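The values are calculated or read from the model by the stated rules, or taken from the named source; none is laboratory data. This one's a predicted model, so the numbers in the text were calculated from it and none came from an experiment. All Cβ positions, glycine included, derive from the backbone under ideal geometry; neighbour counts span all protein chains shown. The area values use the complete protein model at the heavy-atom level, side chains included, leaving out ligands, DNA and RNA. Shrake-Rupley method; radii C 1.70, N 1.55, O 1.52, S 1.80 Å.
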Amino acid sequence: MGVSRGGPVLTTDDVSGWNRAALAAVRALAGTPYRPVVTVSGPVSLAASSRWCTAVVRVPAGGRPGYAEALRRAVEDGGYAAVLPASDVALLALHDPSARLVDKEWLAPAALAAGLETLPGEVFDDLDALRRAAGRLGYPAIVKSVVKSGIENLQAVRVDSAADVEALAAGPGAVLVQPFVDRPMRAVSGVVWDGRLLAVCHQRYRRLWPRQAGVASAAETVPGDPELEEKVLALLSGHRGVFQVQLLGPYLVDVNPRVYGSMQLAVAAGANLPLIACEAAGGCLPDTVVRARPGVRYRWLEGDLRNLADGLRHGDAGWSDVVARLRERRAAYSVESLHDPRPAWTRVRGVVMSRARGGRGTA
């Protein structure tokens with residue numbers, strides 16, 4: 001791979017403070033010549049609480065007035081060896097060319113041009129327009145923001161009736177409605193640079209949280225799919241850095257042209273995506289594609305426990321599932337780490353305080 005150049009690397013945990021992607025990026029650079037720096041906006045940050053975070057930069061909350069200018073100024077003034085955005089909000093604020101990939105209206109035709117199937121969908125100007133059309137929609141369906149530009153935007157959520165649509169809450173902006181498809185979820189992740197695949201990790205999702213339309217609470221690396229890699233490379237034309245492409249069966253459903261939540265799985269499987277991206281930014285590219293080895297498992301423990309509790313509550317899980325989950329110990333964990341315990345304690349305190357105030361905790 002060549003000699004690494006090192007230096008400070010910026011990642012972002014300034015939307016909610018609970019960004020597991022930013023934490024994974026910080027931990028991935030532990031013991032390397034790179035020094036993680038984290039942008040934060042509130043009193044807590046999982047990434048900033050890591051023992052391997054070397055400095056913090058205070059900015060307004062992601063999506064708020066002044067945020068974009070403050071983040072761009074931090075990047076321009078920091079002399080960073082690399083910048084690893086950890087949210088769509090940060091990508092948009094930095095005017096990153098790859099931000100087009102998080103616009104789901106742009107993504108659908110681009111995916112088809114790359115040979116990837118997509119689900120049909122209908123875009124509404126805002127949530128009020130969607131509510132007016134709720135009576136004619138087909139159910140069940142998935143509703144999500146076309147572009148996630150702030151904390152108020154709508155994450156993917158399943159709706160089963162017009163009443164469910166009426167109960168939705170979200171900030172301004174267009175929303176996309178697609179049919180709910182009960183197919184296995186998988187993803188291909190890696191690093192691309194100047195049209196070349198530098199690293200790749202294929203994973204299957206074993207469990208999700210939320211269960212019907214969520215992110216990986218348990219996942220496992222699987223053997224590669226060269227044909228899929230070629231299509232993904234075509235889709236990501238022009239992108240430089242870490243990426244994750246998510247699919248439901250054959251259907252592309254989302255693209256993260258940045259560091260992402262379950263990235264610790266790729267790192268544990270031998271593909272340190274943040275490190276490879278930092279090295280590439282310094283001109284040091286691997287001679288061959290770095291491939292994650294199959295059979296490595298991952299757990300986001302909080303999400304997996306919520307998945308289990310919800311399954312028990314709805315009768316979809318039993319005590320045999322409880323025993324099986326308790327036996328699942330050999331995995332790369334999202335937040336929990338004996339070598340870096342503060343982020344887990346930070347998260348536990350945050351959930352406890354949120355529930356004490358009458359909230360449900362943030363995911």
Legend entry - Rounded to whole Hz, the Karplus (6.51, -1.76, 1.60) HN-Hα couplings of region 287-301, x for glycine and proline: 6, 10, 5, 7, 10, 5, 7, x, x, 8, 10, 9, 9, 9, 4
Inset, instruction - Label region 129-192 by shape, choosing from rounded, prolate and oblate, from the square roots a ≥ b ≥ c of the eigenvalues of the Cα gyration tensor; if a/c is under 1.5 it is rounded, and otherwise prolate applies when a/b is larger than b/c, oblate when it is not. - result: oblate
Inset, instruction - Divide by every residue of the chain the summed helix terms, -39500 (n - 2.57) for each DSSP H run of at least 4, and state the resulting mean residue ellipticity at 222 nm, rounded to the nearest 500 deg cm²/dmol. - result: -8500 deg cm²/dmol
Legend entry - Whole-number accessible area per residue in Å² for region 264-363, which is evaluated in the context of all protein chains at 1.4 Å: 57
Legend entry - Span per principal axis, largest first, for the Cα atoms of region 207-363 (Å): 49, 35, 28
Legend entry - Surface accessible to a 1.4 Å probe, residue 201 within the full protein complex, Å²: 0
Legend entry - J(HN,Hα) series, region 129-134, from Karplus relation 6.51 cos²θ - 1.76 cosθ + 1.60, nearest Hz, glycine and proline x: 5, 5, 4, 5, 9, 4
Legend entry - 5 angstrom amide H check on residue 206, placed H, neighbours 5+ away: 218, 219, 220
Legend entry - Per residue value of the accessible surface for region 5-144 (all protein chains in place, 1.4 Å probe), Å²: 42
Legend entry - Radius of gyration and Dmax over the Cα atoms of region 1-50, both given in Å: 11.5, 39
Inset, instruction - Take every DSSP beta bridge with both residues inside the chain and express the antiparallel ones as a percent of the total, to the nearest 5. - result: 65
Inset, instruction - Using packing as a proxy for protection, rank 25-32, 230-237 so that the peptide with the highest average count of other Cβ atoms within 10 Å comes first. - result: 25-32, 230-237
Inset, instruction - Quick one: dipole size for the chain, taken about the Cα centre, charges +1 on Lys/Arg Cβ and -1 on Asp/Glu Cβ, in debye to the nearest 20. - result: 1220
Legend entry - Relative contact order (%) - criterion: Cα under 8 Å, at least six apart; region: region 257-363: 25
Legend entry - Sequence-separation-based contact order of the chain, relative, with Cα cut under 8 Å and 6+ spacing, percent: 18
Inset, instruction - Would you kindly compute the Cα radius of gyration of the chain and its largest Cα-Cα separation (Dmax), both in Å? - result: 19.7, 61
Inset, instruction - Would you grab the residues whose amide H sits under 5 Å from the one on residue 171? Only those 5+ places off in sequence or on another chain, please, with H modelled 1.01 Å from N. - result: 153, 154
Inset, instruction - Indicate the gyration tensor shape class of region 92-153 (rounded, prolate or oblate), computed on the Cα atoms with a ≥ b ≥ c the square roots of the eigenvalues: a/c under 1.5 is rounded; otherwise a/b larger than b/c is prolate and the rest oblate. - result: oblate
Inset, instruction - Beta carbons within 10 angstrom, averaged per residue: use that to sort the peptides 296-309, 82-95, highest first. - result: 82-95, 296-309
Inset, instruction - State the answer as a single residue: which of 30, 123, 85 lies farthest towards the positive end of the charge dipole of the chain, with beta carbon charges of +1 for Lys and Arg and -1 for Asp and Glu, about the Cα centre. - result: 30
Inset, instruction - Calculate the length of the line joining the C-alpha centroid of region 42-63 to that of region 143-182, in whole Å. - result: 28
Legend entry - residue 128-residue 313 FRET efficiency (beta carbon distance; Förster radius 30 Å; 0.05 resolution): 0.40
Inset, instruction - On a C-alpha basis, how far is the centre of region 246-320 from the centre of region 122-142 in Å? Whole number, if you could? - result: 31
Legend entry - Phi to ³J(HN,Hα) by Karplus 6.51 cos²θ - 1.76 cosθ + 1.60 over region 204-220, Hz, x for Gly, Pro: 10, 8, 8, 8, 10, 9, x, 5, 8, 7, x, 10, 5, 9, 8, 8, 8
Inset, instruction - Name the residues whose placed amide hydrogens come within less than 5 Å of the amide hydrogen of residue 335, ignoring near sequence neighbours (fewer than 5 apart) on the same chain. - result: 301
Legend entry - Relative contact order of region 240-309, pairs being alpha-carbon contacts under 8 Å that are 6 or more residues apart, as %: 25
Legend entry - region 146-189, accessible area per residue, ligands and nucleic acids excluded (1.4 Å, Å²): 48
Legend entry - Heavy-atom accessible surface of the chain: percent carbon and sulfur, 1.4 Å: 53
Inset, instruction - Kindly sort 38, 323 by accessible area of their heavy atoms, largest first, with the probe set to 1.4 Å. - result: 323, 38
Inset, instruction - Quote the Stokes-Einstein diffusion coefficient, in whole µm² s⁻¹, for region 21-73, based on the Kirkwood radius over alpha carbon pairs, a temperature of 20 °C and a viscosity of 1.002 mPa s. - result: 184
Inset, instruction - Equivalent ellipsoid semi-axes for region 296-363, as square roots of 5 times the alpha carbon gyration tensor eigenvalues: give them largest first, rounded to whole Å. - result: 22, 20, 8
Legend entry - Whole-Å semi-axes of region 42-173's equivalent ellipsoid (Cα gyration tensor): 33, 19, 13
